[in-house]
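Notes follow once the structure below has been shown.
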Amino acid sequence: MTDPKKRGFRTTLSHVGRKSKHEHGFVNPPLNRGSTVLAPTVAKRQEMQARRGERVLTYGLGGSETHWALEDAMAAVEGGTRCFVVSSGLAAVTTPLLAWLKAGDHCLVPDHVYGPARNFCDGLLKRYGVETTYYAPEIDEAGIAALMRSNTTVVYTESPGSHTFEVQDVPAIARAAHAGGAKVLMDNTWGIHHFQPFRHGVDVSIQAATKYPAGHSDILIGTVTVNNDADWMTLHGTARGLGQYASPDDCWLTLRGMRTMAVRLHAQMESAIQVGHWLRQQPEVAHVLNPALPGAPGHEIWKRDFSGACSLFGVEFKPEFSPLATHKFVEALELFGIGSSWGGFESLAVPTTGFITRTASVPKFAGPVVRIHIGLEDVDDLTADLRQGLDVMRKSV
């Protein structure tokens, strides 16, 4: 028990980022708000400002004990050494891309990538002279190697994709990327805790901590985690240069959310699997796109690389149902909100077909797809709600 790395996940979340039981004081770390930091002397101020990359109180943008506690907790969850907290999940995507890309560089990005990340690549990065090539998410090691160029600096991954749920062979992609001298960045939001990125060749792990860490659908926050000092200095320098910052109130609330994240993750995973099995039995459903289910696309890679699953998955309906029919299904649900986020306590449903962009691959779906997030409600209530929604959809045909 003296080695924190050997502790269980629930134990880690209960104890990381706070004082030892042997120190006097409140259980939770304090909430520190502030911009100006006073130094006792000019010399001390100069010394503090010179310590780049270290945890020193210099100015509000440099963070405080509140930020650092959350960063420690997330670094422990991700299995890395250092973490930087940023203002949103999208900022957690864009900050490392800007850290490791420059004008004239080339980036490889999976075709199922989070939509705003695609917009960033096709917009700001392109304007600044960075070229992006999109690749089919199911690509193998040889396929990535064939796409690598002398100026390929970043290979980006997202596994599974958060709309169509293709599971990537991240270790194979990482081998090809590293052989070509590129850094591997991964959006690991779906796989939080269940996928240990640095054990599978990832260099930089991205989290929309808005989702499961915060857990209550009331915070926007992101984290970027690395696993060595050199990558930390690159990330830290860029994040500070961009003025990236998260509110200490949001950091404190996210850390509070993380104390119960292990319990929520497990409960929501179990509920999602139960609901997924139930959906498979419904005559309107062609496939359930949850890699944790045996026989689902990507299940074998998921079983090899993941220890569990989150509560977000897709449902492909049979071809006789139109996208408009799935809109009626979603609108008929009483317990599932129509919302774009996930990872909170509430269940959500949004249509996928017609709302995603693909340029390098075509999703192999014969029928329309809806994305489902399972919250903390009772499974029987959720399946009853889905049943009446399916009835509405069937009658609309």
Modelled label-to-label distance, ARG7 and GLU320, 7 Å Cα→beta-carbon offset: nm? 5.6 nm
Rounded to the nearest 5, what % of DSSP beta bridges with both residues in the chain are antiparallel? 60 percent
Specify the inter-centroid distance of segment 18-57 and segment 186-255, based on alpha-carbon positions, in whole Å. 21 Å
Which value in Å is the Kirkwood Rh of the chain over different Cα pairs? 22.0 Å
Among TYR59, TYR134, rank each residue by its count of other Cβ atoms within 10 Å, from fewest to most, as a rough exposure measure. TYR59, TYR134
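How much length is gained on full extension from HIS299 to THR357, taking 0.36 nm per residue of separation minus their Cα-Cα distance? Before the final figure, lay out the partial values.
Working: separation 58, 0.36 × 58 = 20.88 nm, distance 2.40 nm.
Here the answer is 18.5 nm.
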If you rank ARG199, ARG82, ARG55, ARG18 by fewest surrounding Cβ atoms within 10 Å, what's the result? ARG199, ARG55, ARG18, ARG82
Residue-averaged [θ]222 nm for the chain, counting only DSSP H segments that reach four residues, each worth -39500 (n - 2.57): -11000 deg cm²/dmol
How many angstrom separate the Cα center of segment 287-311 from the Cα center of segment 335-397? 18 Å
Mind pulling the per residue volume of the convex hull built on the Cα atoms of segment 261-396? Å³ is fine. 111 Å³
Could you list which residues have their amide H under 5 Å from that of ALA286, counting only those 5 or more apart in sequence or on another chain, with H placed in the peptide plane? GLU316, PHE317, LYS318
At q = 0.09, 0.15 Å⁻¹, what log₁₀ I(q)/I(0) does segment 1-159 have when each alpha carbon counts as one equal point scatterer in the Debye sum? -0.48, -1.00
Candidates per GluC sites (Glu not before Pro) in segment 10-54, loop by DSSP, up to 14 other Cβ within 10 Å: GLU23, GLU54
Which ³J(HN,Hα) values, rounded to whole Hz and listed in residue order, are derived for segment 91-98 from phi using the Karplus coefficients 6.51, -1.76 and 1.60 in 6.51 cos²θ - 1.76 cosθ + 1.60 with θ = phi - 60°, glycine and proline given as x? 4, 5, 7, 6, 4, x, 4, 6
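Where a number appears in this text, it was derived from the coordinates with a stated rule and is not lab data. None of the values given here were measured: they were computed from a predicted structure. We place every Cβ from the backbone using ideal geometry, glycine too, and count neighbours over all the protein chains shown.
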